[in-house]
1. Just to be sure I understand the rule: take each whole DSSP H helix in the chain, project its Cα atoms onto its long axis, keep it if the span is 24 Å or more and its mean Kyte-Doolittle hydropathy is at least -1.0. Which ones pass?
2. Probe of 1.4 angstrom, ligands and nucleic acids ignored: what's the accessible area per residue over the chain, in square angstrom?
3. Give the ranking of K45, K440, K275 by solvent-accessible surface, highest area first, calculated with a 1.4 Å probe.
4. Once the dipole of the chain is set up with Lys and Arg at +1 and Asp and Glu at -1 on Cβ about the Cα centre, which of P375, V432, L80 lies farthest towards its positive end?
5. State the percentage of accessible surface on the chain attributable to carbon and sulfur atoms; use a 1.4 Å probe and exclude ligands, DNA and RNA.
6. If you take the Cα atoms of the stretch 253-346, find Rg, then find the Kirkwood Rh from the mean of 1/r over all pairs, what is Rg/Rh?
7. Using protein chains only and a probe of 1.4 angstrom, how many square angstrom of E181 are accessible, to the nearest 10?
8. For the stretch 74-327, give the magnitude of the charge dipole about the Cα centre (Cβ charges: +1 Lys/Arg, -1 Asp/Glu; no others), in debye to the nearest 20.
Amino acid sequence: MTTRFPDPASRSAQLFERAKRVFPGGSTRGQTYMRPYIIYAREAKGCRITDVDGVERIDFINNFTTQLHGHGHPAIVAALQAQAANGTGFNFATESEIMLAELIQARATSFEHLRFCNTGTEAIMHAIKAARALTGRTKIVKCEGVYHGAYDYAEVSLDPDPQAWGVDEPRSVGFAKTAPEGMVDDVVLVPFNDVAMTRRVLDKHRGEFAAFVLDAAPSRCGGSRVTDEYARLVRELTRRDGTLLILDEVVTFRLDAGGAQTLYGLDPDITTLGKVIGGGLPIGALAGRADVMTAFDQTRGKASVPQSGTFTANPLTMAAGIASMTLFQPDLVARLNKLGEEARSTVRRAFKAAGLRAHVDGQGSLVVITIAAEPPRTYRDVYRANAAGGGQAMEELHRRLLNHGVLWSTTGLGCLSSPMDQPEIAALGDAVHASLKEMKADGLERLFP
Ligand SMILES: Cc1ncc(COP(=O)(O)O)c(C=O)c1O
């Protein structure tokens with residue numbers, strides 16, 4: 001048994017060697033990849049996850065925010081067991097899809113009609129397709145550097161470097177080598193929360209955009225929330241131009257019982273959902289005004305956006321989703337959001353005690369650490385901070401936290417789950433403090449601003 005990471009003799013290190021024979025680079029999922037080897041999970045219960053070497057850690061990633069109720073919540077397990085015994089997939093619809101849709105529909109007035117799919121990526125893809133079908137336009141606009149899943153268009157300018165930033169307004173850059181040039185030109189960028197630039201870009205491209213895709217609290221911009229002024233501007237100009245406002249709530253839905261839109265008073269035309277609404281199983285969904293969602297209506301022949309999917313609305317996901325949404329009530333959200341505030345304060349205190357600078361932000365039960373001198377507001381602020389040493393410092397912090405019983409993400413995002421309470425927040429503070437102390441002792445203070 002090992003308690004330190006990395007350890008070449010560990011079972012995880014051995015599994016990684018085996019994985020290299022079946023997966024390119026030993027990995028089949030970008031998010032779990034880490035150097036020098038991937039850690040393999042054995043089991044997880046509540047807010048704790050144990051790896052194949054028997055090391056237990058508090059899980060502050062929760063499968064990138066899906067496990068709002070932690071691992072193995074009894075209500076979700078029972079729902080899954082009951083459904084598994086009754087069948088896991090049919091070419092009939094099930095009542096469970098109506099039940100889950102009804103539970104979601106009741107949460108926000110903009111959710112007049114819904115459509116399920118299997119991932120947040122698909123939800124964004126179908127939302128953009130619907131916007132194109134309804135407007136007859138091809139271009140979309142999104143905030144530079146913000147993640148909306150792996151659909152080609154949504155990935156444009158996900159990680160542009162300064163050479164690609166452009167001298168005036170942001171320039172579109174393909175994310176991967178696969179990005180066709182014509183497609184890149186169909187995506188226009190604005191900086192998150194930059195009212196003047198966004199107004200300029202939307203005025204310049206008036207009448208050209210099918211959709212504006214917005215995340216109300218993008219972790220890749222440091223975790224701050226959309227300002228009221230920015231949200232108002234985006235809504236006003238999209239309405240003026242007949243552009244659909246797609247609110248990506250794949251992550252932010254957990255911020256309130258009705259998502260960021262009920263918390264911040266946003267009024268989208270289409271919302272994309274995922275993660276928490278599936279109770280830990282693969283899911284995506286679109287919810288929007290009934291007239292917008294007619295794009296998916298096939299009762300009068302071929303729909304404008306034909307959308308299907310072998311596993312869409314599969315009964316296992318629906319069962320887990322119903323259990324998850326039933327537990328996801330205002331009192332639970334309020335408790336988790338308060339705990340999130342405490343987590344942010346605790347992590348800030350740990351940095352202060354170590355005499356190291358970082359910006360700790362995030363909304364509700366999301367916590368975003370950016371190792372930066374100034375509070376980051378946009379993708380470029382985060383990029384500059386990371387390039388100045390903050391990115392490497394965060395990777396080091398992530399690795400050391402692993403050895404102090406905490407699983408966090410390498411990018412700085414962490415999140416809470418309902419089995420957590422004060423002891424887990426205190427343990428997080430202790431782990432950050434101990435990790436920073438170690439980093440200083442190893443001369444890594446130079447990575448900090
Ligand atoms: C804001 C946001 N939108 C969309 C997605 C894509 O969701 P999925 O990974 O389920 O495809 C993610 C995934 O992390 C996300 O964070």
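The values are calculated or read from the model by the stated rules, or taken from the named source; none is laboratory data. Computed from a prediction, not measured in an experiment: that's the story for all the values here. Cβ atoms come from the backbone with ideal geometry, glycine included; neighbour counts cover every protein chain shown. Areas reflect the complete protein model, heavy atoms only, side chains present, ligands, DNA and RNA absent. Shrake-Rupley method; radii C 1.70, N 1.55, O 1.52, S 1.80 Å.
1. Working: long enough: 330-354 (36 Å, -0.47); 422-441 (29 Å, -0.03).
Membrane-span-like by this rule: 330-354, 422-441.
2. Details: 19290 Å² over 449 residues.
Computed with neighbouring chains in place, this is 43 Å² per residue.
3. On the way: K45 140, K440 75, K275 45 Å².
Largest accessible area first, the residues go K45, K440, K275.
4. With unit charges placed on the Cβ atoms, the residue in question is V432.
5. Details: 10120 of 19290 Å².
The nonpolar share, carbon plus sulfur, comes to 52 percent.
6. Working: Rg = 16.2 Å, Rh = 15.3 Å.
Across the stretch 253-346, the Cα-based Rg/Rh ratio is 1.06.
7. Rounded to the nearest 10, that gives 150 Å².
8. Working: 24 positive and 30 negative charges, 56 e Å.
The dipole magnitude comes to about 260 debye.
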